[in-house]
1. Please enumerate the residues belonging to the range 177-223 that are among the charged types (D, E, K, R), touching a strand residue (DSSP E or B) at 6+ places or on another chain (Cβ under 6 Å) and under 21 Å from S362 (Cα atoms).
2. May I ask you to list the residues in the range 201-260 that are open to solvent by 10 Å² or more (accessible area, probe 1.4 Å) and assigned to a loop (DSSP other than H, G, I, E, B)?
3. So which of V456, V486 is hydrophobic (A, V, I, L, M, F, W, C) and within 25 Å of the chain's Cα centre (by Cα)?
4. If we scan the range 125-133, do we find a residue that is of a type outside the set (K, R), crowded, with 19+ Cβ neighbours inside 10 Å, in a loop (DSSP other than H, G, I, E, B) and at pLDDT 90 or above?
5. In the range 270-287, which residues are in contact with a helix residue (DSSP H, G or I) (Cβ under 8 Å, 6 or more places away or on another chain) and without any contact (Cβ under 8 Å) to a residue 60 or more places away in the chain?
6. Can you give me the number of residues within the range 471-501 that are open to solvent by 10 Å² or more (accessible area, probe 1.4 Å) and under 19 Å from Q258 (Cα atoms)?
7. Give me a count of the residues in the range 30-67 that are outside any helix (DSSP H, G or I), open to solvent by less than 60 Å² (accessible area, probe 1.4 Å) and of a type outside the set (G, A, S).
8. Among the numbered criteria (1) modelled with pLDDT of 95 or more; (2) closer than 24 Å to G68 by Cβ; (3) open to solvent by 10 Å² or more (accessible area, probe 1.4 Å), which single criterion is violated by I296?
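The values are calculated or read from the model by the stated rules, or taken from the named source; none is laboratory data. Keep in mind that this is a model prediction, so the values were computed, not measured. Cβ: placed from backbone, ideal geometry, glycine included. Neighbour counts: every protein chain shown. Side chains are part of the model used for accessible areas, which takes the heavy atoms of the whole protein and leaves out ligands, DNA and RNA. Shrake-Rupley method; radii C 1.70, N 1.55, O 1.52, S 1.80 Å.
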Amino acid sequence: MHEIITLQLGQAANYVGTHFWNTQESYFTYGGDEASPIDHNVHWRAGVGVGGVDTFTPRALIYDLKGGFGSMRKVNALYDELEGGAPPAGSWDHGTKQIIEPPIAPSQFQKDLDAGLSPPAPLTTADVRYWSDFNRVYYHPRSSVQLSEYTLDSTLQPFERYEGGKELFRSLHREHDVLDRDFRRFAEECDQMQGVQVVTSADDGWAGFAAEYVQELRDEYGKVGIVTWGLEKADRVVREKQLARTVAVALTLSTLSQLSSLYIPLLHPPSQPVPGYVTIDRTSAWHTSALLAAGIETSLIPTRLHNPGQLGRLNDIAAHLNATGGQRIATLDMTVDGRAENNTDDDRPPRRDPKASKLHISWPRERAARGPSSTKQDHVYAHAAVARGFRESDEPDERGCDDRDPGHGGPIYSSCNTDLAFPHVPGFPSDILPTYSLPAPHNTDGDDNDDKGSPVSAITASLTTSTAILGRIQRVRDVAAWTVAVDEREALLDGLDAVVDGFLEGRWCSDGEEEDD
């Protein structure tokens, strides 16, 4: 079934992951509904809950710090009676005193979901304190892993150092063997695991934790595809904290990006001005993570389609973008189309606008002081575009799969088109993206006048490997060169140089262009 297991590491990753799983849950169809084009077995696992009831829960491992899960319980309604009674008695017989911290109150959105109200109360940015406040999905109890060594938002012992994350993983791994305790159970349920999707912060302790985790996965499951989404904070902080973040990014690029089949850096909030059709609160993690989730979910949708085409596996996408063997870092951008003036039929998807402004959610292009990215022209190796929710006659402005121009050594283009638009489910911020509505497939409330379905968006998401990233890597390298301790500096700089070399050694020369030495 070519399953994918998702690792979510940290608060920022879990905001993105919650939007991702809410979207996946919306693809299930029931009764007389038309069959979904999504193969649910890729991301969901079958199980048995209370009273022998069949369950379907995400193939996900969700790691967060103490206090990071909000009001979400580890054991939910699907598994309540399986939790068991009192813990077994130990050797201590002198009496115990139980101290229980007051629980975090659920949001009104969660209360309405528990009560079966549809739709639940709409959310605002003030309502969302934790990612669990807008979660719509039941997880298996084994999915939630709290790391109690650190507390969320602690000022006394913040989880900000890359080395601190490495040390935490190694300590846990020595005590428990993290893969045996957490990951292997999910892997053994898979018939033919195609890979692992990792969502992690890339500029704090979670980056070091992720690097150690992925190293263990690579040693144990050498051939599976590992796609890593590295989340970098783009808010303004004091100089000391910004330096620590930059060093963490440097260490991430030199290790985690090279252990992954494909590494995609993402900024939250986007550092560049967003297009006019996007309306977000840049201070809200709920809003900014929604944009990232829409891009992630769209760009990898071929991996879960019943008819995926040539980019239907994580390794296929990674191999396509890694054109000459040294390009493991890609950037992501997207355009979103809603009801435009030329779309006069309200019950039809919009036409794709090739002139629509792009929403850049990866690194912005930075001019390097030297090297190929110091010029205006970037060299593009490969490009993979996914267009969803547009009229059938509309095609992306991309050529067919693996269509390289051998005469000019041009980039490899690939595209995937699907009628399945991006759904705006309850829990997704309203009005941040342009939407349209299609006729509802069936009427659930008996109201004959209710012929509109939920709002959806037509999105084009593109993954690209090019020399445009080299300016950013050079700037990170320059900061690390005078910030990192001498005994660690050489290995770090060698790792970053290896990343740069991978984007230079395979660079095709255009007419009149000489490859940089």
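1. Quick first cut of the range 177-223, residues among the charged types (D, E, K, R) only: 177, 180-182, 184-185, 188-189, 191, 203-204, 212, 216, 218-220, 223.
Checking the rest, the ones that are also touching a strand residue (DSSP E or B) at 6+ places or on another chain (Cβ under 6 Å) come to 182, 189, 203.
Of everything in the range 177-223, just one residue is among the charged types (D, E, K, R), touching a strand residue (DSSP E or B) at 6+ places or on another chain (Cβ under 6 Å) and under 21 Å from S362 (Cα atoms), namely D203.
2. Result: D204, Y221, G222, K223, V224, A234, D235, R236, V237, V238, T255.
3. Details: V486 fails: within 25 Å of the chain's Cα centre (by Cα).
None of the others qualify; the one that does is V456.
4. Initially, the range 125-133 is screened for residues of a type outside the set (K, R), giving 125-128, 130-133.
Imposing the further condition that a residue be crowded, with 19+ Cβ neighbours inside 10 Å reduces the set to 128, 130-133.
From what is left, the residues that are in a loop (DSSP other than H, G, I, E, B) are 128, 130.
Now restrict to residues that are at pLDDT 90 or above: 128, 130.
Within the range 125-133, one or more residues are of a type outside the set (K, R), crowded, with 19+ Cβ neighbours inside 10 Å, in a loop (DSSP other than H, G, I, E, B) and at pLDDT 90 or above.
5. Selection gives R282 alone.
6. Result for the range 471-501: 15.
7. The initial filter retains those residues of the range 30-67 that are outside any helix (DSSP H, G or I), namely 30-39, 43-49, 53-67.
Among the residues that remain, those that are also open to solvent by less than 60 Å² (accessible area, probe 1.4 Å) are: 33, 36-39, 43-45, 47, 49, 55, 57-65, 67.
Checking which are of a type outside the set (G, A, S) leaves us with 33, 37-39, 43-45, 55, 57-59, 61-65.
Residues flagged as outside any helix (DSSP H, G or I), open to solvent by less than 60 Å² (accessible area, probe 1.4 Å) and of a type outside the set (G, A, S) within the range 30-67 amount to 16.
8. Result: I296 passes all but (3).
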